[in-house]
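These notes are about the structure you will find just below.
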Amino acid sequence: MAAASGVGDGLVPDHCTYIVSLRTSRSTVRSTWVRSWTYPRETIVTRAQENMLAHYVVKGRKTVQGWFFRVDAEIFHLLTACQNAHALDGGVAEIGLHHGKSFIALCLSLQLGQRAYGIDLFDSQHLNFDRSGKGDRSIVEQNLVRAGVDLSSVVLDGRPSDQVSAPDILKAVGHVRFFSIDGGHWAGIVRNDLRLAEATLGECGVIALDDFLRAEWPDVSTGYFEWLRERSRPIVPLAIGCNKLYLCEERYRALYRKVLDDSSFLKVFLSTHYDFGGNDIPVYQKFAWPEGWNLRTRVEEYIKLYHPDLYVRFRADRSSRRR
């Protein structure tokens, strides 16, 4: 596909393809389960664009095969909306697209002039050593277009992530404000992916690490702690979602925490606060405890996991009746 207009020769490596969304006017928008955001004049974002992202987070993502829980989709939405509201500039990136389920949410948050970089093995599945996901370039492109993401400025890179360099990303999309990692699950590649994210992250950037502390993939946690010991920037834990660890630089932690803490949606799923490495973080997940749960709790937890928006509405209705 042709590159977007205004892109200089040599900006995007030959092994990449371009795709993405068009952003056109200024407006005040309302985010799902979030207060109204008034965007600064420097920020170019449309009501239609924000509505597309809100719809995708709640309903549209269900039409895309993959793994992107509602709580994590809400966190993506809240944090990218906060960045847009404060005119925090930068591109977005993801390692491990599969069919684009979470990548679409990042693309729909882009403002005019911003770009997205997606890394997946695509046609090189023989390098997918732990058989986690099965990226398909044509399906990703179809899903992006169906979600309202125009062919224009998204870079799709089919190389293994340990062959992608920080300059590759920086030249194509600039510094990254949201970097999602859901690639290989062995310690060495997780450490590599976190290094790549750290090297390309803007000062306001957020990293989302998938499968952290998940029993099926213990090496993800090993890779994280190995990277943590050697990191060169003050990047600290921000929150744990349903299946992701969120990280950001220390000085932006208070801003992002307030956005999460103020969310009426996330309050319903908050299980605890925990001192994690000297940082108090909210945890929005609860592991199943069948021997300790009575029937009512089992039903409630089932609805929370599989019908989260229904559960939130039920809780809201119950609270209003009690007043």
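Quick notes
- Flag set for Val45, criterion: β-branched (Val, Ile, Thr), modelled with pLDDT of 50 or more and buried (at least 18 other Cβ atoms within 10 Å of the Cβ).
- Remark: pairs (first residue in region 255-273, assigned to a helix (DSSP H, G or I); second residue at pLDDT below 95 and of a type in the set (Lys, Arg); Cβ separation under 8 Å; 6+ apart in sequence or on different chains) = Val268/Lys304; Val268/Arg315; Phe269/Lys304.
- Residue in region 77-95 that is closer than 20 Å to Ser138 by Cβ and either modelled with pLDDT under 95 or of a type in the set (Asp, Glu) (or both) present: yes
- Hits in region 164-187 - residues which are modelled with pLDDT of 95 or more, surrounded by fewer than 19 Cβ atoms within 10 Å (Cβ to Cβ) and over 20 Å from Thr80 (Cα atoms): Ser165, Ala166, Pro167, Lys171, Ala187
- When we screen Ala215, Ala208 for residues that are outside any helix (DSSP H, G or I), on the phi < 0 side of the Ramachandran plot and touching a Ser or Thr at 6+ places or on another chain (Cβ under 7 Å), the only hit is Ala208.
- Answer residue from region 303-322, given it is modelled with pLDDT of 90 or more and more than 22 Å from the chain's Cα centre (by Cα) and is farthest from Asp72 (Cα to Cα) among those: Arg313
- Among all residues of region 281-296, there is none that is within 23 Å of the chain's Cα centre (by Cα), assigned to a helix (DSSP H, G or I) and of a type in the set (Phe, Trp, Tyr).
- Residues (of a type in the set (S, T, N, Q) and not in a loop (DSSP other than H, G, I, E, B)) located in region 143-172: Asn143, Ser161, Gln163
- Residues of region 193-213 that are surrounded by fewer than 21 Cβ atoms within 10 Å (Cβ to Cβ), at pLDDT 95 or above and under 13 Å from Tyr224 (Cα atoms): Arg195, Glu198.
- Pairs, first more than 11 Å from Ala116 (Cα to Cα) in region 149-173, second part of a loop (DSSP other than H, G, I, E, B) and of a type in the set (Phe, Trp, Tyr), C-beta under 8 Å, six or more apart: Gly158/Phe122
- Helices (runs of 4 or more DSSP H) contained in region 42-115 and holding at least 2 residues more than 22 Å from Tyr252 (Cα to Cα) and within 16 Å of the chain's Cα centre (by Cα): 47-58, 101-108
- Residue match in region 238-246 (condition: within 30 Å of Ala116 (Cβ to Cβ), part of a loop (DSSP other than H, G, I, E, B), assigned by TED's automatic domain parsing to the domain that holds Tyr56 and among the hydroxyl-bearing types (Ser, Thr, Tyr)): no
- Among the numbered conditions (1) free of Cβ contacts under 8 Å to residues at least 12 places away in the same chain; (2) part of a loop (DSSP other than H, G, I, E, B), the only one that Arg229 does not meet is (2).
The values are calculated or read from the model by the stated rules, or taken from the named source; none is laboratory data. Just so you know, these numbers come straight off a predicted model, no measurement behind them. Because the Cβ atoms are built from the backbone with ideal geometry, glycine has one as well, and the counts that use them run over all protein chains shown.
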